[in-house]
Structure formats: structure tokens, C-alpha cells
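> Starting off with a structure, shown below.
The values are calculated or read from the model by the stated rules, or taken from the named source; none is laboratory data. In this text, all values refer to a predicted model and were calculated from it rather than measured experimentally. As a convention, Cβ positions derive from the backbone with ideal geometry for all residues, glycine included, and neighbour counts pool all protein chains shown.
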Amino acid sequence: MKKLILLILIPALILTLGGCFVASTHFEIGGAAKIELRSGNDGSSVEITDAEDIRHITENINTLRFEKVNVEGTYDGWSYDISWYGADGGLMDSMVIMGGNRVQYGGAYYDSLGATVDTVFLDRLLEGE
């Protein structure tokens, strides 16, 4: 009887724990001299050159964990477009925040696991605060 219970419990435990581990990634966006932030809601944009603001945005995104997802079709709208530029003015990286916890980066879609991008901070920058 004990062997039967073990034969049932062990595979069930393995299947349960296997579902707990999600292959996740994080982004490593380097330091930038400037960020261009654009709103997908009203089209407004702002150029960010304050080092502390750049650090806050970059660290917020770099510390998040993301899971790559397959998305059928295309999105009609987006919430924010963020572009990082180096000291030479060249584009270093870019990301589109679709809304909620979904981003588009490098041509693929990702959902953040747990925490999300600090959109309250992005809204404050777009409003000029």
C-alpha cells in the first residue's frame, strides 16, 4: 500500500513543482545619456537627460523578471515607447510598453512576472513634474 501511494505522490509532486518554475529573463539595458519617452495615449513626448531619472527608469526595467510569450495577431495600441541613447547620440535600446505587464522588446513580447514597470513615474515625467 505504501508503495502505491509513493507511486502516485512522487509523479504528482514532480508535475506540481515543474509548473512552479517558469523560464524567465531580465533585460540588461546599459547606462544612457538620454531617454526619449513617448506616450501612446496622447502622443506627447519628453526628452529625459537627468541622470537620476534615467537611472530610475533603467533600473526599474532591468530588475524586473519577464517571461517571453507568444502573441497571436498584432496590437493596435501601446502605452509608452522608451528609447535609450548613448553619449554619442546613437540609439542604444528601445522598448514599447503595451500596457499592464506586457512589453515588446527586440521584436518579441514579454510579460513581467510579479512587479510591473513604474508607469506612475513615466506619467509624471510626461506631465512635466
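> Has segment 112-125 got any residue that is aromatic (Phe, Trp, Tyr), on the phi < 0 side of the Ramachandran plot and part of a strand (DSSP E or B)?
No, that holds for no residue.
> Taking segment 23-58 only, how many residues are among the β-branched types (Val, Ile, Thr), surrounded by 14 or more Cβ atoms within 10 Å (Cβ to Cβ), over 15 Å from residue 124 (Cβ atoms) and at pLDDT 90 or above?
1
> Does segment 67-97 hold any residues that are more than 21 Å from residue 53 (Cα to Cα) and buried (at least 17 other Cβ atoms within 10 Å of the Cβ), and which are they?
78
> Based on this model, can you work out whether residue 42 counts as assigned to a helix (DSSP H, G or I) and not hydroxyl-bearing (Ser, Thr, Tyr)?
no
> Give segment 77-111 a look and list any residue that's part of a loop (DSSP other than H, G, I, E, B) and out of contact with any Asp or Glu (no Cβ under 7 Å at 6 or more places or on another chain), or say none.
Passing the criteria: 77, 78, 79, 86, 87, 88, 89, 90, 100, 106, 107.
> Consider only pairs whose beta carbons are under 6 Å apart and that are at least six residues apart or on different chains; among these, list those whose first residue lies in segment 108-129 and is touching a residue at least 24 places away in the same chain (Cβ under 8 Å) and closer than 16 Å to residue 40 by Cα and whose second residue is aromatic (Phe, Trp, Tyr) and surrounded by 15 or more Cβ atoms within 10 Å (Cβ to Cβ).
122/80
> Would you be able to tell me the number of residues in segment 62-92 that are touching a helix residue (DSSP H, G or I) at 6+ places or on another chain (Cβ under 9 Å) and either farther than 22 Å from residue 123 by Cβ or not small (Gly, Ala, Ser) (or both)?
Restricting attention to segment 62-92, the residues satisfying the condition of being touching a helix residue (DSSP H, G or I) at 6+ places or on another chain (Cβ under 9 Å) are 79-80, 82, 84.
In the following step, the residues that additionally are either farther than 22 Å from residue 123 by Cβ or not small (Gly, Ala, Ser) (or both) were identified as 80, 82, 84.
Of the residues in segment 62-92, 3 are touching a helix residue (DSSP H, G or I) at 6+ places or on another chain (Cβ under 9 Å) and either farther than 22 Å from residue 123 by Cβ or not small (Gly, Ala, Ser) (or both).
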